[in-house]
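Working notes for the structure below.
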Amino acid sequence: MGKLDVAMLRYLTAEDFRVLTAVEMGMKNHELVPGSLVASIANLRHGGVHKLMKDLCKHRLLTYERGKHYDGYRLTNSGYDYLSLKALTNRKVIASFGNQIGVGKESNIYTVADEDGKPLCLKLHRLGRTCFRNIKEKRDYHAHRNKASWLYLSRISATKEFAYMKALYDRDFPVPKPIDFNRHCVVMELVSGGPLTHVTSVAEPDQLYDELMNLIVRLGNCGVIHGDFNEFNIMIDTDGHPVIIDFPQMVSTRHPNAELYFDRDVRCVREFFKKRFGYESAEYPRFADLERDDQLDAEVACSGYKRSKDVEDELLQEMGIGLEVSDDEDSDQGENDTDTNTNKYSEDEIANLRRQVEASIEHDETKITESITNKTNKLSINDDEIPELVPAPMKNKETDEDNETEKHNDTDKEVDKNSQKYRLAMIEKALSDVRSMRSYTSASTIAPEVVKQQVKKNLEVRQKKMERKKAIAKGEASAVTRVRRDNRETIRESHGLWGWDE
């Protein structure tokens, strides 16, 4: 993240930049861009693209990472720097690259020069440093998103700073002249002087104190608050006048914590003058004394200004950058879209399958109910026809043999259908038919509602499993298969150490 070596820039070919641009475009909705997708976007042959990506990884412009579900390439900070410098060079904005003159918690400062040899200042935004990672709590770069890549946040930070600097420069504020920007790089005029923190003494500290306080009030009257107005972000030129730098953290006076930020800026200046120059004044501006006379916060869509989403993104869209580039939320959405396309069943097919299962269950319930009702109707007997039941005599083997003999002898006789014995036999036969019908019609004793709920639950579980499936990039080895292969090779080379030998 620190030093930038631009020695390789002159040796990169057009195909190399084509591959870097393809990886950048793939990172809009991929955390790791597969090699096949890079070849498809770059419109180059797969073999040639893999060779180019291998060389770029060797020079640390790309990095090849192995993920849990698939492997792919990621654009590094150096690769992102090269893309920005190439674009600025093609625009004839910069022609040479100099030394590093400053390092901040979220940026690196370099000296550059244009084709005429005029020195300029190049600021590379470096959000994501170890010392500055709680940006989500301090800035509204995420907007409505939950996650975003550091390259994308650096791009948004540079765009906001260029917009603030341009608006302030047009209002004759003492700020560096903005020249151009691309991605996370901002080119501005080089200030002849040094930061206030390096100044040990001044001839008239009261005059410098008044100038700084007037700048704070003037910014507040325009509707903005610097938010980090201290000795590190105030430059002193050769004439002894202050020049303000570093604007990404600016907020509107309508921000909920605007008074807190305003008082903090005033307190930073007062404490510095008291410690460094021994100067303390009883007069200092207050937030309630501001008189708004401009709408700078509305012009640049400053943080804390109440606006609609279209107005919020209007300035950024005019500058050629949108808020939908390279964020993790788009990454998740892209992966979900890929998984949906690879599912075996679509949502409509699964819903249709559910309806068919429910209809079949209802049809079986209706059929069973009708058959039982019909059998019951046949067995319905009037009270007058109910015969008087008598206990059956005890049976033994001899009586059984006598009954069998009588049964064979009486086959030729005419059966009395009005007899009590005949009626009991018919009732017992009907009941046995009902029992047999129930046995083969439904072999389960579970209630139909329980079966219906279980089938629906199984369908939902299967649908969730399908949604969790991840597509394996074509031309790339699966990470899971690779791990299994490595373990198998380790076991084979152990010569029976793991309890078995091939």
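Laid out as a table, the results:
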| item | result |
| --- | --- |
| At R0 = 45 Å, FRET efficiency that the Cβ-Cβ distance of Glu493 and Gln453 yields, to 0.05 | 0.30 |
| Candidate residues Phe97, Phe272: accessible-area rank, largest first, probe 1.4 Å | Phe97, Phe272 |
| Extension gain, Arg171 back to Glu204 (0.36 nm per residue minus Cα-Cα distance, nm) | 9.2 nm |
| Length released on extending from His241 to Ala113, taking residue separation times 0.36 nm less the Cα-Cα span | 43.6 nm |
| Order by protection proxy (mean Cβ within 10 Å, highest first), peptides 293-302, 458-467, 158-167 | 158-167, 293-302, 458-467 |
| Kirkwood-based shape ratio for the range 1-103, expressed as Rg/Rh from alpha carbons | 0.99 |
| Tyr11 paired with Lys464, simple spin-label distance in nm, labels 7 Å along Cα-to-beta-carbon | 5.4 |
| Exceeding the 27 Å Cα-Cα cut-off - candidates Lys58/Lys166; Lys92/Lys166; Lys166/Lys275; Lys28/Lys54; Lys105/Lys177; Lys118/Lys274 | Lys58/Lys166; Lys166/Lys275; Lys118/Lys274 |
| Most to least packed among 220-229, 101-110, 174-183, 192-201 [average Cβ atoms within 10 Å] | 220-229, 174-183, 101-110, 192-201 |
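The values are calculated or read from the model by the stated rules, or taken from the named source; none is laboratory data. Quick caveat, the model's predicted, so the values are computed rather than measured. Note that each Cβ is placed from the backbone with ideal geometry, even for glycine, and that neighbours are counted across all protein chains shown. Surface accessibility is based on the protein's heavy atoms, side chains included, excluding ligands, DNA and RNA. Shrake-Rupley method; radii C 1.70, N 1.55, O 1.52, S 1.80 Å.
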